[in-house]
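**Student:** Below you'll find the structure I mean.
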Amino acid sequence: MGKTLAYKILDAHKVSETETTMDIVIDQTLTQDATGTMAYLEFLSFGIDKVRTKLSVSYVDHNTLQNGFMNADDHKFLQTVADKYGIVFSKAGNGICHQVNLERFAVPGRTILGSDSHTPTSSGIGAIAIGAGGLDVACAMAGKPFTIVKPKIVGVKLVGNLRDGVSAKDIIIHLLGIMTVKGGVNKIIEYYGDGVKSLGVPARSTICNMGAELGATSSVFPSDEVTKEFLAIQSRVEDYTPLEADADCVYDENYTIDLNTLEPCASCPNSPDAVKPISELTNIKVDQVLIGSCTNSSYYDFVKVASILKGKRIHKDVSLGIAPGSQQVLQMITKNGILDVLLEAGARILESACGPCIGMGQSPATDAVSLRTFNRNFYGRSGTNSAKVYLVSPEVAALSAVNGYISNPLGCKTLPEFRLDVEYPKCDSLLYKPTFKAEVVMGPNIKPIPHFEPIGENFDAKVMISLEDNITTDHIMPAGAKVLPYRSNIEKISEFVFSNIDEGFSKRCLANGAGVIVAKSNYGQGSSREHAAIAPRYLGIKAVIAASFARIHKKNLINFGILPIELDIEADLLDEINVTWDFNNIKVTNKTKNKTWTRKNELTEEEYKLISVGGLLNNM
């Protein structure tokens, strides 16, 4: 039996394995400033002289709103660390980490680990790119292999060609409607079939980007002539390697998507898997449209937007914001007249950064409907809790901005003359190679990483909060301009844990001492932000009891010495809980209700060790 493409790459990087896990060498890492400051503080604690990867890149693209000294201080810290320890540095304004990484650094067949859950964007080029917590990325930069659960491989066969007005965004939203936000946990989504050839690398990367919303470890497309063409226009054709699955490989799950019949669709409030066809949503009044983010901010996307907006004006009741994904994209749309089309239509041009996607500006009005070409529409993520956020394609977004209501672009001819066979500008003016000479500069808001003692194998605690299904890291540790500046200050940022849904959580934790969190399935979906584990640990959380966990967050909990317990229990606020655990078993007793649950401990030997010593930093 032949191999899948995913396992061809994974096996080529494998250094060891158990029955359920494998350790792989990481070729490249990326960080961004919202997670990077903590990741580099962790890296510095290892005491090594330089990074040990083939390439590591530090991006500034999240906390670019400098409304105080904190973000600027973090940027200075990141730049000096990068210069001293051998890391390429991408300054604010150069673009979103995933878009720039795809353009300038991603290589077919490589493994890439990033402290951002949307790192799989680079898998559109035929790499295996994986999102992880900052501490795991710090360890990879130190030369430590990365451990993953051996993933099941989901084969998604694409057949036919997309109709006019239908895009790659519709493919992944459609798949989310089938698989749900927890359907990809510990799986890699592998795309194949004749329909793949019709998708350029930017389109493939859009699909891989939102594979994170499936909970998947990664996604991957083959590296083919389309990939070679993309690398050629980026002046990187020497990085091309053809890669594809063996014809006789067998997938663990199989889906087929007929591109000929696919129609435009949307992720409705407040979950990426709340999918409906656009044809069922028409005539909903729109207040705001935002086009950009790491999902849809390529030159390819803006050509389509411009073809719809050309000669038109956006509706008087709509605010349209445009955020090019990189300096390269901004230069391309400027040189080719696209920027003029966008401005004449009435668009606001935003910085080449994550911006509104991470809650940094452009919060909608109260109860507003916001159409976004982004990847997440979790409750409160936009900065306005009452807003209704829909995730849509660039075509839907542009046409709706003109009409003032959700509109179906099916049949719109958006790329009649579009060509990719032109060389793109390198745009490396804001990329800096390391000199190994800088001295690390740390501002006053950058605080030492807290030290955590082991939780012990028998402890009493109170339930600090009881939660439902699909709790996201945005619920646990909100983002946005108010919170993000404290990413390097755990004591301060811990005040905001669960603040959007329970303002008293942090004070209650500090008042009650040791605590546990109880939730239903898929706890911790969404961002890779390890602050959603560190800050609760700082507040005294010793365990999270949930029916199931999202992959990255479960690993982050273990990294910081919090015990993840997979049990579906009922508990009320401030119920007294006793937890007894060892390598073999876990017993949870609700002392208030006199109920006991026992289950086999499914932690690996390494995970058990990490929690026993108080986390990965203590172990290192």
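**Student:** What is the sum of charges around E607, taking Lys and Arg as +1, Asp and Glu as -1, for the other residues whose C-beta is under 10 Å from the C-beta of E607?
**Tutor:** With Lys, Arg at +1 and Asp, Glu at -1, the net is 0.
**Student:** For segment 114-119, take each phi angle, set θ = phi - 60°, evaluate the Karplus expression 6.51 cos²θ - 1.76 cosθ + 1.60, and give the result in whole Hz per residue in order, putting x for glycine and proline.
**Tutor:** x, 7, 7, 5, 9, 3
**Student:** Rounded to the nearest 5, what is the percent of antiparallel bridges among the DSSP beta bridges in segment 242-348?
**Tutor:** Expressed as a percentage, antiparallel bridges in segment 242-348 total about 40.
**Student:** Which of the three applies to segment 265-403, rounded, prolate or oblate, going by the alpha-carbon gyration tensor with a ≥ b ≥ c and a/c under 1.5 meaning rounded?
**Tutor:** prolate
**Student:** Further, regarding this structure: So for segment 5-258: antiparallel DSSP bridges make up what percent, rounded to the nearest 5?
**Tutor:** 25
**Student:** In addition: Only sites in a loop by DSSP and with at most 10 other Cβ atoms within 10 Å count here; which trypsin sites (Lys or Arg not before Pro) in segment 281-390 make the cut?
**Tutor:** K316
**Student:** Can you say what percent of the DSSP beta bridges in the chain, counting only those with both residues inside, are antiparallel? Round to 5.
**Tutor:** 35
**Student:** Pairs of lysine in segment 354-508 with Cα under 25 Å and at least 8 positions apart or on different chains: total?
**Tutor:** Step by step, the pairs that qualify in segment 354-508 add up to 10.
**Student:** For H174, H451, H62, which order do you get if you count the other beta carbons within 10 Å of each Cβ and list the fewest first?
**Tutor:** The most exposed by this proxy come first: H451, H174, H62.
**Student:** Taking neighbour Cβ counts within 10 Å as the exposure measure, how do Y191, Y85 sort from fewest upward?
**Tutor:** Y85, Y191
**Student:** Based solely on its DSSP helices, what 222 nm [θ] is calculated for the chain when runs of n ≥ 4 H residues each add -39,500 (n - 2.57) and the sum is averaged over all residues, nearest 500 deg cm²/dmol?
**Tutor:** Computed mean residue ellipticity for the chain: -7500 deg cm²/dmol.
**Student:** Could you work out how far the C-alpha centroid of segment 316-379 sits from that of segment 72-114, in angstrom?
**Tutor:** For segment 316-379 versus segment 72-114, the Cα centre distance is 23 Å.
**Student:** Whose amide H sits under 5 Å from the amide H of S219, counting only residues 5 or more places off or on another chain, with H placed in the peptide plane?
**Tutor:** A129, I189
**Student:** Here's a follow-up. What does the charge count near E566 come to, summing +1 for each Lys or Arg and -1 for each Asp or Glu among other residues with Cβ under 11 Å from its Cβ?
**Tutor:** Combined, the nearby Lys, Arg, Asp and Glu give +1.
**Student:** I've got another one for you. Around L431, what is the net charge, scoring Lys/Arg as +1 and Asp/Glu as -1 over all other residues with Cβ under 10 Å from its Cβ?
**Tutor:** Around L431, the charge tally is +3.
**Student:** What are the chymotrypsin sites (Phe, Trp or Tyr not before Pro) within segment 514-620 that DSSP puts in a loop, where the Cβ has at most 16 other Cβ atoms within 10 Å?
**Tutor:** Those satisfying the criteria are F583.
Here, each number is a calculation from the coordinates, and none is a lab measurement. Since the model is a prediction, treat every value here as computed from it, not as a measurement. Glycine gets a Cβ as well: all are built from the backbone with ideal geometry, and neighbour counts include every protein chain shown.
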